[in-house]
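First the structure, in the form of structure tokens, and then the observations on it.
The values are calculated or read from the model by the stated rules, or taken from the named source; none is laboratory data. Computed from a prediction, not measured in an experiment: that's the story for all the values here. Cβ: placed from backbone, ideal geometry, glycine included. Neighbour counts: every protein chain shown.
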Amino acid sequence: MSDLIFGIILGLISSALFAFQNVLIRSQSEGVGALVSNSIKMWVSVPLMLVLVIVPWRVHEFLLPGSVLLPLAISVLLGGAFGDAVYLSSQERIGVSKAFPISNTYPIITYLLALVLLNEILQFTTITGISLAVIGVILVSKELSNEKKDEEKKTHDWKGLALAIASSIMFAFATIYMEIGVKDIDPIDANLFRLSIGSLAMIPIFSLSVKSRIQPLSKRAMKVVAIAGFFGMGLASLLYVASIKLVGATIGAVIGSTAPLFALPVSVFYLKERITWRGIIGTIATIVGIWLVVVGT
């Protein structure tokens with residue numbers, strides 16, 4: 001099996017794990033809140049990485065050259081820590097139906113940055129595929145959205161729009177720096193460092209979120225988030241880093257944005273929700289878009 005195919009498979013499994021994690025955590029949002037959830041997910045994933053680093057059957061020792069520390073730190077701070085916080089802030093201001101489509105344009109920005117920073121070649125097939133995949137994921141996310149009507153009216157907050165755009169740019173830079181950082185090292189070593197830095201960054205975010213809450217944190221909800229985060233943030237982030245190492249930032253960003261695609265079957269078969277033309281077209285567009293990106297890269 002080629003590195004390209006293996007990397008795509010790892011990326012898709014990662015997206016599926018993130019999707020299932022998000023489905024579980026969404027039901028606990030009132031008990032903990034989004035920023036608190038992000039902190040818990042980050043913290044429970046570090047022990048998993050530590051175990052994987054020290055297992056006796058590893059073929060080499062832990063290796064982390066000084067040259068990769070800054071790119072890896074930037075990747076997690078702009079992505080899993082501050083990037084998510086910025087996105088969630090935009091979501092509170094303009095609603096999911098506006099914030100997600102704007103934020104989810106990051107694969108396009110990632111490709112444009114890769115042209116400049118990673119010397120990738122401009123391909124019409126690639127940019128078409130990325131655009132098609134992004135549109136498809138947005139359509140699927142609309143299918144899954146259960147926003148209330150009062151949330152849908154949040155449309156004229158320029159600060160919220162600016163935050164959504166900022167989150168997209170941050171996610172794109174995070175993906176670029178992840179490729180730079182993980183290029184010559186083991187994804188397990190890279191992810192242990194990334195999640196350790198992210199865990200430290202989440203301490204003040206967690207503290208501020210808890211202080212601003214009116215209701216106390218739900219212990220049950222925190223347990224659910226911790227379990228979901230172990231498999232989501234823990235395993236999924238490792239597979240995502242490995243995918244980026246194998247396929248690069250451009251393909252990795254497209255694959256990484258497809259989590260809503262895996263949440264759709266859960267809604268149909270588990271929650272017994274009906275799928276509409278929007279979900280079907282979105283799924284087809286995403287699959288065709290991914291294929292075009294792979295062919296064109």
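A few remarks follow.
- The set of residues in region 176-219 being under 18 Å from the mean Cα position of the chain (by Cα) and among the polar types (S, T, N, Q) consists of N191, S196, S199.
- Qualifying residue in region 221-235 (condition: out of contact with any helix residue (DSSP H, G or I) (no Cβ under 7 Å at 6 or more places or on another chain) and surrounded by fewer than 24 Cβ atoms within 10 Å (Cβ to Cβ)): yes
- Any hit, region 267-278, residues being under 19 Å from S103 (Cα atoms) and surrounded by 18 or more Cβ atoms within 10 Å (Cβ to Cβ): no
- Pairs, first on the phi > 0 side of the Ramachandran plot in region 156-169, second surrounded by fewer than 16 Cβ atoms within 10 Å (Cβ to Cβ), C-beta under 7 Å, six or more apart: none
- In the set (1) within 26 Å of T105 (Cα to Cα); (2) of a type in the set (A, V, I, L, M, F, W, C); (3) under 19 Å from the mean Cα position of the chain (by Cα); (4) modelled with pLDDT under 95, the condition left unmet by M170 is number (4).
- Single residue of P101, P65 found to be buried (at least 18 other Cβ atoms within 10 Å of the Cβ) and touching a residue at least 24 places away in the same chain (Cβ under 8 Å): P101
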